[in-house]
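Read-outs throughout are calculated quantities, based only on the coordinates presented, and are distinct from any laboratory measurement. Quick caveat, the model's predicted, so the values are computed rather than measured. Because the Cβ atoms are built from the backbone with ideal geometry, glycine has one as well, and the counts that use them run over all protein chains shown.
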Amino acid sequence: MIKEIKAKTALSPSQLSGLDYALNPYIGCGHACIYCYAPSVIHRDEGKWGDIVEVKINLPRILSKELRIKRKGVVGLGTVTDPYQPAERKYEVTRRCLELLLMHDFPVCIQTKSSLVLRDMDLLRKFSDIEVGITLTALDDGVRERMEPGASSAEERLHALEELRENGINTWVFLGPVMPYITHAEALMDAIAVVRPKYVLVDRLRLKGKVWDEVKQLIQEFDPQLLVEYEMIFREGGDHDFYRPVFERVMRKCKEKGLRCEINRNQNIYAR
C-alpha cells in the first residue's frame, strides 16, 4: 500500500559516520528485507515491513527551502529507507531532491540495493562530490529473493556498480548483513573485486527489534537445522566468536584482491 504524506522537514542531523545530514524520501521500504532493523529505528508498527510505504510528496519543496539556509555538509540519501525502492519509479522524489542538491552543490552519499539508481546517471555525473554505495548480501538469487523480495538481483547490482564506476562516480559496497551459513562472503568478494569499488564495508547480522522473528522464519524455510546454530551464535552476544574468523577470511580475501575493506564497528549503521 502506498500512502502520500506531507513532510515537515527534509534534512535531519545524522549520527552515521561521514554524514552530516540524512534525507529520506520515503517512510518504509518496498524491498521488504527480512533483516532490516529500520522499523525499530523509525518506531513504526503498522503491519508487515514492506507492506506500507509512505511517500513524502512535498519533500523537494521543503528541501529547496532548507538548502538556502543550511550549512553545507554531506547528505546521506536514504539512511532508514531505500531512496530507489519501487515507489521511486512513479514518484521520482529522490530524483527531484538530487536536482536540488546538485543546484546547491551539496556532497551526497547514496546507499541502495536497486539498479534504478542508473536512471539518474545524468544527474550523478554532474556532482562535484558524490559516491554511491550498493548493498550486497547473496549471489544466489533464490536466497536473495527470500531475504530481499523487492530488491534488484545481485547481477543487476554488480552491473550498476560497474556502470557507475565507468561513468566516473565513486562507488562502495555494503557487504551485509553476513548471514551465518547463508552469505558466502568470500564468493561475494570475488564478484565485487571485478567491479572495483572504492571500498567495501562488511557488517554482521544485527538482531534488533523484530528482526529475529523474520530471520527465524527465513531459516525455517531455508534449513530448519540452522535454527539451533543461530540460537547458539547469537545467545548473549556470542556472535563475536562466530564472526571473528569469518571477517579474518574476508579481510585476507580483500588484501588478495587489492580491495580496501573495513569491518563495520558502528552500531548506528543500518543494514539496508
Checklist entry - Okay, helix-only estimate at 222 nm for the chain: each DSSP H run of n ≥ 4 adds -39500 (n - 2.57), divide by all residues, round to 500 deg cm²/dmol; what do you get? => result -11000 deg cm²/dmol
Checklist outcome for this item: Sorted by chain and then number, the residues having a modelled amide H within less than 5 Å of the amide H of residue 200, at least 5 places away or on another chain, are 173, 260, 261, 262
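Report the semi-axes of the equivalent ellipsoid for the stretch 60-188 in whole Å, largest first, where each axis is √(5λ) for an eigenvalue λ of the Cα gyration tensor. Numbers along the way, then the final one.
Details: eigenvalues 160, 43, 35 Å².
Ellipsoid half-lengths, sorted descending, are 28, 15, 13 Å.
Please tell me which of these pairs span more than 30 angstrom C-alpha to C-alpha: 126/208; 6/70; 48/198; 70/210?
Details: 126/208 38 Å; 6/70 21 Å; 48/198 35 Å; 70/210 36 Å.
As for pairs spanning more than 30 Å Cα to Cα, those are 126/208; 48/198; 70/210.
What's the whole-number percent of alpha carbon pairs in the stretch 160-272 lying beyond 15 angstrom? Please list the in-between numbers first.
On the way: 4239 of 6328 pairs.
Everything past 15 Å amounts to 67 percent.
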Item to check | Sequence of 51, 82, 203 once ranked by neighbouring C-beta atoms within 10 Å, starting from the fewest | outcome: 51, 203, 82
Item to check | C-alpha long axis of helix 185-195 to longest principal axis of the chain, angle in ° | outcome: 40
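With an 8 Å Cα cut-off and a minimum separation of 6 or more residues, compute the relative contact order for the chain in percent. Present the calculation step by step, with values, prior to reporting the outcome.
On the way: 493 pairs, mean separation 53.8, N = 272.
Relative contact order for the chain comes out at 20 percent.
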Item to check | Mean-position separation - Cα centroids, the stretch 217-250 and the stretch 161-191, in angstrom | outcome: 21
Next on the checklist: Need one number: % antiparallel among DSSP beta bridges in the chain, to the nearest 5.
Outcome noted: 10
Item to check | Computed label-point distance, nm, for sites residue 141 and residue 190 using a 7 Å Cα→Cβ extension | outcome: 1.9
Item to check | Rg(Cα)/(2.2 N^0.38 Å) for the stretch 150-190, N = residue count | outcome: 1.31
Checklist entry - Which Cys in the chain stand alone, with every other cysteine's Cβ at 4.7 Å or more from theirs? => result 29, 97, 109
